[in-house]
1. Suppose every Lys and Arg Cβ carries +1 and every Asp and Glu Cβ carries -1, with no other charges. What dipole size does the chain come out with about its Cα centre, to the nearest 20 debye?
2. Could you list, by residue number, the cysteines of the chain that have no other cysteine's beta carbon within less than 4.7 Å of their beta carbon?
3. Looking only at the stretch 115-154, which residues have a backbone nitrogen under 19 Å from a spot 7 Å from the Cα of His201 in the C-beta direction?
4. Based solely on its DSSP helices, what 222 nm [θ] is calculated for the chain when runs of n ≥ 4 H residues each add -39,500 (n - 2.57) and the sum is averaged over all residues, nearest 500 deg cm²/dmol?
5. According to a simple spin-label model (label point 7 Å from Cα along Cα-to-Cβ), what is the distance in nm between Asp25 and Asp239?
6. Length gain on complete extension for the stretch Asp107 to Asp179, per 0.36 nm per residue less the alpha carbon to alpha carbon distance?
7. Based on Cα positions only, what radius of gyration and what Dmax would you give for the chain, in angstroms?
8. With each pseudo-label sitting 7 Å past Cα toward Cβ, what's the Ile7-Ser120 distance in nm, one decimal?
Amino acid sequence: MAFALRIIAADGTARAGVLSTAHGDVLTPAFMPVGTAGTVKAMTPDAVRTTGTTIVLGNTYHLMLRPGAERVASLGGLHRFMDWPGPILTDSGGFQVMSLAKLRKLDVDGVTFQSHLDGSTHRLTPARSVEIQHLLDATITMVLDECTPFPATPDEARASMQLSMRWAERSRAAFRPRDGYGLFGIVQGSVYPDVREASAHALLRIGFDGYAIGGLAIGEGQATTFAVLDATMPHLPADAPRYLMGVGTPDDLIGAVQRGIDMFDCVIPTRAGRTARAYTSDGVFNLRNARFADDAAPLDPACACPACTRHSRAYLHHLFKAEEMLGPMLLTWHNVQYYQDLMRGLRTAITERRLDALAAAVRAGWAQEEPP
Ligand SMILES: [Zn+2]
């Protein structure tokens, strides 16, 4: 089974395809729920599968600290450990080191940091990150990079990008190719089109199985995110998967799919589910709001998840008011279902060449409801 993306339809710059991997097919455009520490929080693997999810993301930083990559390997790898036989993409750990770890120190060869759990000292280099992802048995491995902080000056962005490109080369050298497994490079360069272009060309010279766009959705705003995509996408090969990291809201996903992105990951649907925020075809609801206390209607009549087909808004409101754990469970399931229904709709619309019409219809639905 070769690791390959087969494009089956295109609508403008958007495309729908099938990514074949050692652990099964991924229908693209694909949304990957985040399974931070070997679990998509508040969901069983069967529930995740039921939503139409074909690939999940695991976090190297969390798994290397607890339970440890070698332990996961000795227990049969992450697929067996978390009972997710399908494809898994792992990040490199770099982003969480920068956002979570204490006393981190970056140098030209990697980053040394203290665990946020127990203060123990760890080191992550491009080669070690790739080795950890190998131990986890990640279907898709990401190169270690530096997520350039925002804002950054052009000089800072270029220096940071060049460090990431050196690390990308070392990650490529450390990666052990196996049938059906892939290694993705990551385009950096902040908001500067020329730096993004230079990064894309540097990655193409090294050669990867897929190309991610990193360093976005960190405060620059949607218009800038889309402008960076417009500047970057023409420099990425058409036959390789393109992954926009850490994005985003449903509206972000639609705009990025229209620009040719194939893969996404984001904590928004799962995190929102734990804080009573529901994404629906009528907009975003906060289920804690008192106006739902007597609302016997389903959360989203268009949704087939258990929260919507078996319960009322009033019951979901009650669960959150009473701090019952079923509230976050049901709402996480719903939000992931909503995201996967949206992706399925986008894939179908691309196949039928009516993506812009679908995007307008979805946005019109959201406009009915003022976000809380
Ligand atoms: Zn639902």
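1. Values: 35 positive and 38 negative charges, 115 e Å.
It works out to roughly 560 debye.
2. Lacking a cysteine Cβ partner under 4.7 Å: Cys147, Cys266, Cys305.
3. Within reach of a label on His201, which here means backbone N under 19 Å from a point 7 Å along Cα→Cβ, the stretch 115-154 contributes 154.
4. Helices in the chain give a 222 nm mean residue ellipticity of -12500 deg cm²/dmol.
5. In this crude spin-label approximation the distance works out to 2.0 nm.
6. Gain on stretching Asp107 to Asp179: 22.6 nm.
7. Gyration radius and largest Cα-Cα distance of the chain: 20.3, 60 Å.
8. It works out to 4.7 nm between the two label points.
Throughout, read-outs are computed from the coordinates displayed, never taken from laboratory work. In this text, all values refer to a predicted model and were calculated from it rather than measured experimentally. Methodologically, a virtual Cβ is constructed for each residue, glycine included, from the backbone with ideal geometry; neighbour enumeration extends over all protein chains shown.
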